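Take a look at the structure set out below.
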Amino acid sequence: MAASRNKRPADLIERVAAFFSARLHAGRHVCVGLSGGADSVALLHALHGAQMAGLAIDISALHVHHGLSPNADDWASFCTNLCRSLAVPFRCEPVQIQDVTANGLEAAARKARYAIFQQCDADWLALAHHRDDQAETVLLNLLRGAGMQGLAAMPDERVLPGGKARLIRPFLSTSRTEIESWLTARNIPWVEDESNTDHSLRRNFLRREALPLLGGVFPDPAGALLRTAAHAAESLELADEIAAGDAQAIVRGQALLLAPFNQLSTARRSNLLRHFLRESGLRMPDSRFLAEMLRQLAEAAIDAAPAFSVDGRTLQVARGQLQVLKCGDQMVADTHRWQGESSLPWAGGKVRFVTAEGRGLSLSRLQDKELLLRTRGGGESLQPDAKRPRRPLKKLLQEQEIPAWTRARMPLLCCADEVLWVAGVGYESSYLAEPGEPSLVLDWDETADD
């Protein structure tokens, strides 16, 4: 347990109550991200104290069990017992840390942690980042060469992409010293993560060595860094307003129109691209990657159709647009045998089979045939119109300007080597039903979930 500090403890209960009082109109269920460390323990106790004093909130707690420390099980037990003593509903979620080599341990752990956060069903997910954490984040991002987004550091409230809860940080104006003094004055224990003393970690180096050294030369370096974050946040807000104005004529849903985009100045193109990525729910790549994207997008309208991988998603240029592909667009569906079902699952949606009369495929022609739903293999042909010659499917798809990523997953109904139907293109004319004849109509619903 940490030692006490020679400073009057701050009244954290009053601070937390004031922070939440202005937000009760948007929801009352607050889930605390509880690690067992001093900061999150103080936040849970302060919220509980505010609730006991009359603040109309419901409290729960969530502990993410990373399993990285030999003490991880003890931390989980500590959090369990703490919540039991306060009668606070508690959930412990173990995670598997993946992609450590590609992302580094800290980033991989953060990714796993936020995947759990996205499942939180509270109105608010409260994290205990404090004033010193904010200063360290600004300095770390500055040394990484981050732009305004990085220098603005952590907001006290933001949307959690992919989740229900809004992420909030009530302690951003409270120092680590104030938090620990408040706990010590009340004899409230907490756990210490042994990794906090590892100076090989960049954040620990800044916390233990760099910032104290700066404090010997500059008065209140943490305060100066927080003012930098506030200035950056203000500049970022202005840049977002400009980007939102540009987007009105250039962005259509999940697509960015390249012709008007490339007419903007370099600074506004960069600003709009960052805005577009954020609005698409993607984490920002580094500045060199963004610069290369801008270069290729400037050439794409002429002779190229590049694709970019950003935060696990694919952005593809086609028909003068940069489009963020849906997850299903990057999948190739399996082969399915049709045995009379009304529908079959396909690439995140489904293919429906509807009986009719005189429309679609002749049921008598299909009788006793083995029918397969599959993707393209190459070399297929189709004759949608009996008055026109049979043509390669590739040419038909190109003429209809169906994007390459859609072609890779679109369903075909086949009998042996014969293609009978292609989604978005049509039916094989030799299998079409006569007027009044029992028939089968196919439809691919890309978003069906029922």
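Any read-out appearing in this document is the output of simple, stated calculations on the displayed coordinates, not a laboratory observation. Here the structure is a predicted model, which is why all the values come from computation and not from measurement. Note: ideal-geometry Cβ built from the backbone for every residue, glycine included; neighbour counts use all protein chains shown.
Miscellaneous remarks
- Considering only 143, 35, 153, the residue lying farthest towards the positive end of the dipole of the chain is 143, judged by Cα position with unit charges set on Cβ.
- Considering only 182, 70, 49, and ranking their Cα positions along the charge dipole of the chain that arises from unit charges at the beta-carbon of Lys, Arg, Asp and Glu, the one farthest toward the positive end is 182.
- Exposed loop sites were defined as GluC sites (Glu not before Pro) in DSSP loop states (anything but H, G, I, E or B) carrying at most 15 other C-beta atoms within 10 Å; in the chain the longest segment without such a site runs 1-191.
- Here the relative contact order of the range 50-178, from alpha carbon pairs under 8 Å that lie six or more residues apart, stands at 22 percent.
- Under 5 Å, built H, 5+ apart or other chain: amide partners of residue 255: none
- Here the range 253-325 is assigned +1 on the Cβ of each Lys and Arg and -1 on the Cβ of each Asp and Glu. Its dipole about the Cα centre then comes out at about 180 debye.
- Once the Cα-Cα distance is subtracted from the 0.36 nm per residue extended length, the residue 242 to residue 363 segment shows a gain of 37.8 nm.
- Modelled FRET efficiency - R0 60 Å, residue 157 with residue 341, Cβ distances, 0.05 increments: 0.80
- Phi-based couplings in Hz for the range 365-376 (Karplus 6.51, -1.76, 1.60; Gly and Pro marked x): 6, 8, 4, 6, 9, 8, 10, 10, 9, 8, 8, 5
- Percent RCO, i.e. relative contact order, over the range 362-442, from Cα pairs under 8 Å lying at least 6 residues apart: 40
- Phi angles of the range 226-232 translate, via the Karplus equation with coefficients 6.51, -1.76, 1.60 and θ = phi - 60°, into HN-Hα couplings of 5, 5, 4, 4, 5, 5, 5 Hz per residue; Gly and Pro are given as x.
- The range 9-51 versus the range 375-436: alpha-carbon centroid distance in Å: 61
- Between helix 72-86 and the chain there is an angle of about 70 degrees, using the helix long axis and the longest principal axis of the Cα atoms.
- Long-range HN-HN contacts of residue 59 with modeled amide H, under 5 Å: 30
- Near residue 421, the amide H atoms lying under 5 Å from its own belong to 413, 428; only residues 5 or more places off or on other chains count, and H is placed 1.01 Å from N.
- Contact order normalised by residue count of the chain, Cα under 8 Å, 6+ apart, percent: 12
- Using Cβ point charges alone (K and R +1, D and E -1), the dipole size of the chain about the Cα centre works out to roughly 620 debye.
- Calculated Rg/Rh (Cα atoms, Kirkwood Rh) (choose from (1) 1.45; (2) 1.09; (3) 1.05), label: (2)
- Antiparallel beta bridges, as assigned by DSSP with both residues in the chain, represent about 75 percent of the total such bridges.
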